[in-house]
């Protein structure tokens, strides 16, 4: 049975790489006392994950592509939305791509995370509202 899926992935995430690869937890990379971290596994690229879910759900081409308005240019991150849809079955695969964003949850607030801990905290949209809206309108009925 097809199931709708929502991804929110950032291109500059230092822990879960957008382009796939090793998952890392490296909070203090410049610390001289840093010990080697154990492997946390590998992840597929975001694009490959989208392809897999589209194939599983039998969804063809892109239905909607849009830019999220960049209301806070100083945060260093912008949002892009892509949605693939099978309207007949009511099944969707959507991606909020946070270009320039890191491992923070986009929240639409005026808060900008400290640059020494997080590079770019996206404030272009509120992830909680995006998730709620996706499943409210595109989830299984």
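The values are calculated or read from the model by the stated rules, or taken from the named source; none is laboratory data. Since the model is a prediction, treat every value here as computed from it, not as a measurement. So basically every Cβ, Gly included, is an ideal-geometry build from the backbone, and we count neighbours across all protein chains shown.
If residue 56 passes every condition in (1) closer than 27 Å to residue 2 by Cα; (2) within 16 Å of the chain's Cα centre (by Cα) but one, which one does it miss?
(2)
Scan region 54-74 for residues that are outside any strand (DSSP E or B) and touching a residue at least 12 places away in the same chain (Cβ under 8 Å) and report the count.
13
Please state which of the following conditions residue 101 fails to meet, knowing it meets all the rest: (1) assigned to a loop (DSSP other than H, G, I, E, B); (2) modelled with pLDDT of 85 or more; (3) over 15 Å from the mean Cα position of the chain (by Cα); (4) within 21 Å of residue 133 (Cβ to Cβ).
For residue 101, the exception is condition (3).
Looking only at region 12-33, decide whether some residue is modelled with pLDDT of 95 or more, in contact with a strand residue (DSSP E or B) (Cβ under 9 Å, 6 or more places away or on another chain), closer than 30 Å to residue 86 by Cβ and not in a loop (DSSP other than H, G, I, E, B).
Checked against the condition, which is being modelled with pLDDT of 95 or more, in contact with a strand residue (DSSP E or B) (Cβ under 9 Å, 6 or more places away or on another chain), closer than 30 Å to residue 86 by Cβ and not in a loop (DSSP other than H, G, I, E, B), region 12-33 yields no hits at all.
Give me the residue from region 62-72 that is within 17 Å of residue 101 (Cβ to Cβ) and loosely packed, with under 14 Cβ neighbours inside 10 Å and, out of that set, modelled with the highest pLDDT.
The residue in question is 66.
Anything in region 40-53 that is under 23 Å from residue 1 (Cα atoms) and part of a loop (DSSP other than H, G, I, E, B)? List them, or say none.
The one that is under 23 Å from residue 1 (Cα atoms) and part of a loop (DSSP other than H, G, I, E, B): 44.
Within region 114-135, how many residues are at pLDDT 65 or above and buried (at least 18 other Cβ atoms within 10 Å of the Cβ)?
Residues meeting the conditions: 9.
Only one of (1) modelled with pLDDT under 95; (2) part of a loop (DSSP other than H, G, I, E, B); (3) in contact with a strand residue (DSSP E or B) (Cβ under 7 Å, 6 or more places away or on another chain) fails for residue 36. Which number is that?
Failing condition for residue 36: (3).
Which one of these is under 23 Å from residue 133 (Cβ atoms), surrounded by 11 or more Cβ atoms within 10 Å (Cβ to Cβ), touching a helix residue (DSSP H, G or I) at 6+ places or on another chain (Cβ under 7 Å) and at pLDDT 90 or above: 59, 81, 8?
8
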